[in-house]
Amino acid sequence: MKLYWLILSLAFRNLIRQKRRSAISVSAVAFGITALILSSGFIQWIFLDFRETSIRSQLGHLQIVYPGYHDAGKADPLAFLLPNTPPNLNTAGDNSDQIKIIVPRLSFNGLISRDESTLSFIGDGIDPREQRAFGDALQISEGNPLSIDHPFHIIVGEGLARNLGLKVGDQVVLLVNSAAGGINAIEVFVGGLFSTVTKSYDDSAIRIPIETARQLLRTQGTHSWIVLLNDTEQTDYVLAKLRNSLPQDKFEVVPWYALADFYNKTIVLFTKQVLAIKVIIALIILLSIFNTMSISVMERIGEIGTAMALGVKRINIMRMFLNEGVLIGCLGGLIGLSIGLLLAAIISNIGIPMPPPPGMARGYTGQILVTFDIALESLVLAVATTLFASIYPAWKASRMQIVDALRHNR
């Protein structure tokens with residue numbers, strides 16, 4: 001152990017002795033780690049924001065449906081109607097700490113008409129009080145949200161409203177197939193326009209008070225019970241409890257991530273982009289440290305020969321150069337992490353205005369979320385790449401012939 005600290009001390013002194021070269025190497029590592037933290041933190045924030053918005057604007061954390069509803073329910077939705085009252089979730093134990101609210105949702109489709117224009121739509125009958133619990137993930141861009149006091153007011157997706165030329169206050173006609181197999185229609189007013197994170201959904205969606213939807217469809221059923229949790233991280237825990245407590249032949253509990261196809265594809269795409277950034281940064285650090293250590297070995301050939309002539313073992317020569325590389329990685333990593341955390345806090349406080357990405361309905365103000373995993377991964381990358389870059393120069397230094405190295409001093 002004493003020998004190890006002696007070698008580490010010599011490595012640190014060698015770095016101090018070559019101030020300019022060491023500063024350049026540490027700066028290269030710090031710059032790379034800072035860039036990695038900022039880019040990874042930005043993507044991590046997008047993942048979190050996109051996840052929560054998808055959950056609170058459309059999916060909920062869990063959906064309780066009849067078995068097979070999500071596979072065949074779109075073709076024959078009226079064959080998968082649940083009872084009007086939710087299943088008793090208290091049989092799963094005390095869920096009060098995890099479950100925030102359970103709301104019904106009745107899904108249907110039909111035609112929406114205004115004057116001579118008619119388009120198809122997908123509709124959701126929801127409890128007007130749902131918006132208060134789910135927050136503002138579903139944004140009302142014009143008008144007002146659904147209200148119990150106005151049962152014949154609906155809200156329309158911005159894309160659908162634009163295609164039909166609708167404004168707040170316009171009267172439209174909804175035409176659907178009823179549960180009895182006939183056709184039913186109802187006149188309603190556009191109470192507001194909304195947008196979510198998914199543009200394709202906004203281009204064809206409407207929302208209507210669930211009692212009005214039941215009147216329109218001439219049914220008292222519900223397609224799904226949407227479960228909103230207090231914490232998204234508890235999704236799998238509550239999912240397991242509900243699946244164990246509810247009869248599987250009568251109910252199916254589906255988590256949000258099994259339904260969020262667009263979210264899952266976006267995660268895969270962005271994860272690959274972050275991986276590419278990591279590889280590029282690792283290569284920059286690798287080449288920079290390799291060049292620095294190679295030059296250091298060439299300049300210290302005589303010194304290496306003298307050390308080996310005095311009895312220093314080859315393995316200790318190799319350890320000294322490896323320790324120099326690790327010290328550069330540790331210093332650069334810590335400095336880069338500190339700068340990255342500081343810049344992340346400043347940038348997040350200011351905000352990053354972003355235009356709507358492809359497939360999304362609206363822009364957003366981005367932030368940078370630096371998690372413990374990102375910080376740890378950045379430090380490990382800094383140390384691992386500098387250590388790997390130092391292996392060949394250190395090995396080359398340890399394999400020198402003493403006579404040739406001493407002759408180099410002449």
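Annotations for the structure displayed:
- For S245: the one exception among (1) modelled with pLDDT of 85 or more; (2) of a type in the set (G, A, S); (3) buried (at least 17 other Cβ atoms within 10 Å of the Cβ): (1)
- Meets criteria (under 15 Å from I402 (Cβ atoms) and at pLDDT 75 or above) for A309: yes
- Boolean, I148 is part of a loop (DSSP other than H, G, I, E, B), among the β-branched types (V, I, T) and either in the same structural domain as A75 (by TED's automatic domain parsing) or within 32 Å of the chain's Cα centre (by Cα) (or both): yes
- Residue count for region 63-119 satisfying the condition of being over 33 Å from the mean Cα position of the chain (by Cα), at pLDDT 85 or above and part of a loop (DSSP other than H, G, I, E, B): 0.
- Of all residues making up region 282-309, the number that are among the hydrophobic types (A, V, I, L, M, F, W, C), more than 14 Å from F31 (Cβ to Cβ) and free of Cβ contacts under 8 Å to residues at least 40 places away in the same chain: 2
- Only residues that are under 21 Å from D115 (Cα atoms) and surrounded by 22 or more Cβ atoms within 10 Å (Cβ to Cβ) were counted across region 189-204, and they come to 3.
- N144 satisfies every condition listed in (1) more than 14 Å from F108 (Cα to Cα); (2) touching a helix residue (DSSP H, G or I) at 6+ places or on another chain (Cβ under 7 Å) except (2).
- Qualifying residue in region 269-281 (condition: within 12 Å of A28 (Cα to Cα) and surrounded by fewer than 16 Cβ atoms within 10 Å (Cβ to Cβ)): no
- Every test in (1) at pLDDT below 85; (2) crowded, with 18+ Cβ neighbours inside 10 Å is passed by G60 save one, and that test is (1).
The values are calculated or read from the model by the stated rules, or taken from the named source; none is laboratory data. Since the model is a prediction, treat every value here as computed from it, not as a measurement. Here Cβ is always computed from backbone atoms with ideal geometry, including for glycine, and neighbour counts include all displayed protein chains.
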